[in-house]
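Presented below is the structure to which this report refers.
The values are calculated or read from the model by the stated rules, or taken from the named source; none is laboratory data. Model, not experiment: these values are computed from the prediction. Ideal geometry is used to build each Cβ from the backbone, glycine not excepted, and the neighbour counts take in all protein chains shown.
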Amino acid sequence: MRAQLVPVKGGNRPIQITRDITLVGRQENLCDVCINKSSVSKMHCLIVRTDGLLFIRDLGSTNGTKVNGQRVVRGALLPGDELAFAGEKFRVEMGPGDPHVEAMEEVQNAHTEEIDLERPEIEEHFSDYPESVARSSDSDVRFANDDEE
């Protein structure tokens, strides 16, 4: 599935969504998509790509995440939706086919950084999902305690 976020104002190139889980925020060395605006939180939201669908999950950002002008905590994204991180607006484009080749090369050349987060904070945000679903992704994101179980 091809998925991208196209800036509404123009000027910047579209953001390709090539990972199963994409972290959006302001913190450059941590986020997959870095938006360098003070109104965007360091870790603003997650975009999850699965089975031809995109889902959004706000991570308690100060200025919020909006879909079509409505502030959301989580929800599904459809083609043509307007997604806003604080004041930065994007149009969601999705369709059949492979993601852009350059974007795939960027992902393959990217390094994976282990982040030590406490499990209770993470589970609080995903408590609605059964354990088997939360751990079935082929993403390179893992809980620090996964190796101990």
Can you name every residue in the range 15-33 that is surrounded by fewer than 15 Cβ atoms within 10 Å (Cβ to Cβ) and not polar (S, T, N, Q)? Asp20, Glu28, Leu30
Quick check: anything in the range 81-93 over 12 Å from the mean Cα position of the chain (by Cα), modelled with pLDDT of 90 or more and farther than 20 Å from Thr18 by Cα? no
Which residue pairs have Cβ atoms closer than 6 Å, lie 6 or more positions apart in sequence or on different chains, and pair a first residue in the range 49-64 that is in contact (Cβ under 8 Å) with a residue 40 or more places away in the chain with a second residue that is among the charged types (D, E, K, R) and surrounded by 14 or more Cβ atoms within 10 Å (Cβ to Cβ)? Arg49/Asp20; Arg57/Arg74
Residue in the range 45-53 that is among the β-branched types (Val, Ile, Thr), modelled with pLDDT under 90 and either assigned to a strand (DSSP E or B) or buried (at least 19 other Cβ atoms within 10 Å of the Cβ) (or both) present: yes
When Ile56 is evaluated against the numbered criteria (1) in a strand (DSSP E or B); (2) modelled with pLDDT under 95, which criterion, by number, is the only one it fails? (2)
